[in-house]
1. Suppose the chain between residue 164 and residue 150 were pulled fully straight at 0.36 nm per residue; how much longer would it get relative to their current alpha carbon spacing?
2. Of 86, 70, how do they rank once you tally other Cβ atoms within 10 Å and put the fewest first?
3. How do 92, 6 line up, fewest other C-beta atoms within 10 Å first?
4. Could you please rank 9, 132, placing first whichever residue has the fewest other Cβ atoms within 10 Å of its Cβ?
């Protein structure tokens, strides 16, 4: 496990014993101790190892300096087959482009699975490299991001992506989230 700075906030990255990336999170809204506990719950020891994650740090630094648009790191995210399918599809979203949850659901073969796709997107353990930040609401607004919407907005601004800044705050109901995921919301009187 290795923590390093970016222009947005610190990042925590981890690689497995084979040198494959298993974890990359922007600290943003996250607590480092929680990330360590998450790694340990997966059966990994969260030892600090800057050398093992040196290539990750180099490529992330190149991304922020503008000299890298595509990462070429070996990845080993752990997840269900459906999550793996969603994460593979995320890898096809080019730098500077976005898509909605509904579009992503269609691409993984189930146009009605927007909510499930949103859940898989939110469980992505290798943010930035598997670009879950490139998924936005149907109305082009920013939607949830584990590191915080400010991190997602900064990443999309860095890439020059088009989106609606200053997305509306969520109400106490689930309706805005359902609408952002492209789900029908019905009202019964």
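Since every read-out is calculated from the coordinates, none of them should be taken as a lab result. Values in this document were obtained by computation on a predicted structure and should not be read as measured data. Cβ: placed from backbone, ideal geometry, glycine included. Neighbour counts: every protein chain shown.
1. That works out to 3.7 nm of additional length.
2. Fewest-to-most ranking of 86, 70: 70, 86.
3. 92, 6
4. By the 10 Å Cβ count, ascending: 9, 132.
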